[in-house]
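Read through the structure below, which is laid out as structure tokens, and then see the notes.
The values are calculated or read from the model by the stated rules, or taken from the named source; none is laboratory data. Just so it is clear, the structure is predicted and the values come from calculations on it, not from any experiment. Note that we place each Cβ from the backbone using ideal geometry, even for glycine, and neighbour counts take in every protein chain shown. Note: accessible area is taken over every heavy atom of the protein model, side chains too, but ligands, DNA and RNA are not part of it. Shrake-Rupley method; radii C 1.70, N 1.55, O 1.52, S 1.80 Å.
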Amino acid sequence: MIKIKQLQFRYKGAEQAALQNIELAVPANTILGLLGPNGAGKTTLLSILSGLLSCPANTVFVDGCDISSRNTRLKPRLSLVPQDYAFYQQLSVRENLSFFAGAQGLSKSVINERIRDVSEITGLEDRLEAKAISLSGGLKRRLNLAIGLLNKPQLLLLDEPTVGIDPHSRHFILEAIKRINAQGTTIVYTSHYMEEVEALCDEIVIVDKGQVMLQGSLQSLLQAGSRQSFCVDLCELPTAESMERLHQVLTFHRDLLRLNIEVDSTSDIIDALQTLQECQLNIGRIHYGANNLEELFLDLTQRSLRD
């Protein structure tokens with residue numbers, strides 16, 4: 001569905017490129033999790049895919065179409081659901097849906113049908129006459145999503161669609177996204193909630209400083225990072241003497257009050273615990289287990305930012 005080759009983009013007047021040599025392939029009918037710290041280039045990439053920003057010829061293809069020009073950009077059906085609310089607060093839900101359906105070129109004969117369909121998908125059937133300004137945060141997020149579904153997109157770009165809402169509304173939106181994908185829509189999903197990405201996404205791309213740091217299937221990335229981690233959370237900063245003793249015996253990385261200790265076997269863990277006890281560290285919590293996506297993400301982006 002998406003093929004990107006050597007994409008570079010620099011905002012006018014910027015010292016550094018927002019995107020550098022991006023190479024990316026997204027199969028049809030998948031959900032891609034696009035992850036990265038703030039300022040990593042995620043929104044810039046979504047803006048290029050949606051046509052809000054221009055791109056060089058022969059770098060970005062959607063459904064086989066080079067989207068560098070307006071004529072080819074309009075061929076694939078795609079939709080962007082931004083992080084900000086993208087509707088008119090003083091209009092009703094129905095009026096917003098009708099307006100944006102017309103703005104997307106839908107004929108009058110199908111607008112009512114599409115309003116009925118998207119309001120059913122997003123659970124807004126009973127709120128069609130309510131003014132958008134009166135909706136809760138979760139319902140406003142659903143309205144944002146409903147507008148993005150009006151044109152039956154082949155490619156749906158979701159920029160943090162669950163930010164700032166309650167768990168019930170978040171669960172509803174995630175289930176709706178699964179159903180949309182099951183009906184054949186390819187989805188690019190950005191979020192800072194790693195548990196959402198693990199629950200939804202087939203493919204993962206992590207970007208930082210405008211570059212792709214890691215990409216692959218969720219399963220393969222977690223398996224590749226499945227080394228057992230042994231983390232110790234301290235209640236207070238260790239003394240210099242304790243740190244010197246630890247460095248003599250253990251291999252670890254320290255991030256403020258957290259020690260990430262390298263272990264290969266159960267005996268290594270026992271030895272590490274004995275060393276920690278000998279150093280009289282004030283331990284609040286010990287975690288041992290396989291790395292999850294959040295640990296993989298933090299390890300990768302923190303290391304690149306330090307370097």
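Report the residue, chosen from Ile67, Ile115, Ile283, that carries the largest GNM mean-square fluctuation when the chain is represented by alpha-carbon nodes joined by springs under 10 Å.
So, out of Ile67, Ile115, Ile283, the one fluctuating most is Ile283.
Just to verify a number: FRET efficiency for Gln219 and Ala199, C-beta to C-beta distance, R0 = 22 Å, to 0.05?
On the way: r = 13 Å, r/R0 = 0.61.
So the FRET efficiency works out to roughly 0.95.
Accessible area per residue of the chain at 1.4 Å probe, in Å²? Could the numbers behind the result be given before it?
Values: 15860 Å² over 307 residues.
Per residue, the chain has 52 Å² of solvent-accessible surface.
If every alpha-carbon in the chain counts as one equal scatterer, what log10 I(q)/I(0) does Debye give at q = 0.08, 0.09, 0.16 1/Å?
Normalising to I(0) and taking log10 leaves -0.46, -0.57, -1.25.
Please compute the net charge surrounding Glu23, taking Lys and Arg as +1 and Asp and Glu as -1 over other residues with Cβ under 10 Å from its Cβ. Kindly include the intermediate steps, with their values, before the conclusion.
Working: positive: Lys3, Lys5; negative: none.
In short, +2.
Given R₀ = 25 Å, FRET efficiency for Ala182-Lys108 by Cβ-Cβ distance, to 0.05?
Values: r = 30 Å, r/R0 = 1.19.
Using R0 = 25 Å, I get an efficiency of 0.25.
Based on Cα coordinates alone, diagonalise the gyration tensor for segment 6-51, multiply each eigenvalue by 5, take square roots, and list the semi-axes in whole Å, largest first.
Values: eigenvalues 89, 27, 19 Å².
After scaling each eigenvalue by five and taking roots: 21, 12, 10 Å.
Counting only protein heavy atoms and a 1.4 Å probe, tell me what percentage of the chain's accessible area is made up of carbon and sulfur.
Carbon and sulfur atoms account for 48 percent of the accessible area of the chain.
Consider a paramagnetic label point 7 Å from the Cα of Gln6 along Cα→Cβ; state which residues of segment 21-42 have an amide N under 14 Å from it.
21-24
Quickly work out the Ser242-to-Asp271 label distance, labels modelled 7 Å from Cα along the C-beta direction, and quote it in nm with one decimal.
About 2.2 nm separates the two model spin labels.
For the cross-link pairs Lys42/Lys178; Lys3/Lys108; Lys42/Lys140, which exceed 30 Å when the distance is taken from alpha carbon to alpha carbon?
Details: Lys42/Lys178 22 Å; Lys3/Lys108 34 Å; Lys42/Lys140 23 Å.
Beyond 30 Å between Cα atoms: Lys3/Lys108.
Using the per-residue mean of other Cβ atoms lying within 10 Å as a proxy for protection, in what order, highest first, do the peptides 100-107, 26-33, 233-240 fall? Write out the running numbers ahead of the final one.
Numbers: 100-107: 14.2, 26-33: 18.4, 233-240: 12.8.
Top to bottom by mean Cβ count within 10 Å: 26-33, 100-107, 233-240.
What do you get for the angle between helix 137-149 and the principal long axis of the chain? Use alpha-carbon atoms, 0 to 90 degrees, nearest ten.
Here the helix axis deviates by roughly 60 degrees.
Short version: what are the Cα gyration tensor semi-axes of segment 187-270, square root of 5 times each eigenvalue, largest first, in whole Å?
Equivalent-ellipsoid dimensions as semi-axes: 33, 16, 12 Å.
Taking a temperature of 10 °C and a viscosity of 1.306 mPa s, what whole-number D in µm²/s does Stokes-Einstein yield for segment 36-108 with Rh from Kirkwood over alpha carbon pairs?
On the way: Rh = 14.3 Å.
Approximately 111 µm²/s, per Stokes-Einstein.
Using only the Cα atoms of segment 29-178, what do you get for the radius of gyration and for Dmax, in Å?
Expressed in Å, the Cα Rg and Dmax of segment 29-178 come to 15.7, 46.
Share of antiparallel DSSP beta bridges in segment 139-278, in percent to the nearest 5? Numbers along the way, then the final one.
Working: 14 of 19 bridges.
Here the share of antiparallel DSSP bridges comes out near 75 percent.
Quickly work out the Phe99-to-Arg116 label distance, labels modelled 7 Å from Cα along the C-beta direction, and quote it in nm with one decimal.
2.4
Using per-residue counts of other Cβ atoms within 10 Å, averaged over each peptide, order 150-160, 264-274, 179-189 from highest down. Spell out each step's value before the answer.
On the way: 150-160: 20.9, 264-274: 12.9, 179-189: 18.2.
Result, highest mean Cβ count within 10 Å first: 150-160, 179-189, 264-274.
Taking the 0 to 90 degree range and rounding to the nearest ten, how far is the long axis of helix 293-306 tilted relative to the main principal axis of the chain, both from C-alpha atoms?
Roughly 80 degrees, rounded to the nearest 10.
Hey, what angle do you get for helix 108-122 against the long axis of the chain, alpha-carbon based, 0 to 90 degrees rounded to 10?
That helix lies at roughly 30 degrees to the long axis.
How many percent of DSSP beta bridges within the chain run antiparallel, rounded to 5? Don't jump to the answer; show the numbers that get you there.
Values: 32 of 49 bridges.
Antiparallel: roughly 65 percent of the beta bridges in the chain.
For Val163 and Tyr88, what does the FRET efficiency come to when R0 = 22 Å and r is the distance between their Cβ atoms, rounded to the nearest 0.05? Mind showing how you got there, number by number?
Working: r = 20 Å, r/R0 = 0.93.
The computed FRET efficiency comes out at 0.60.
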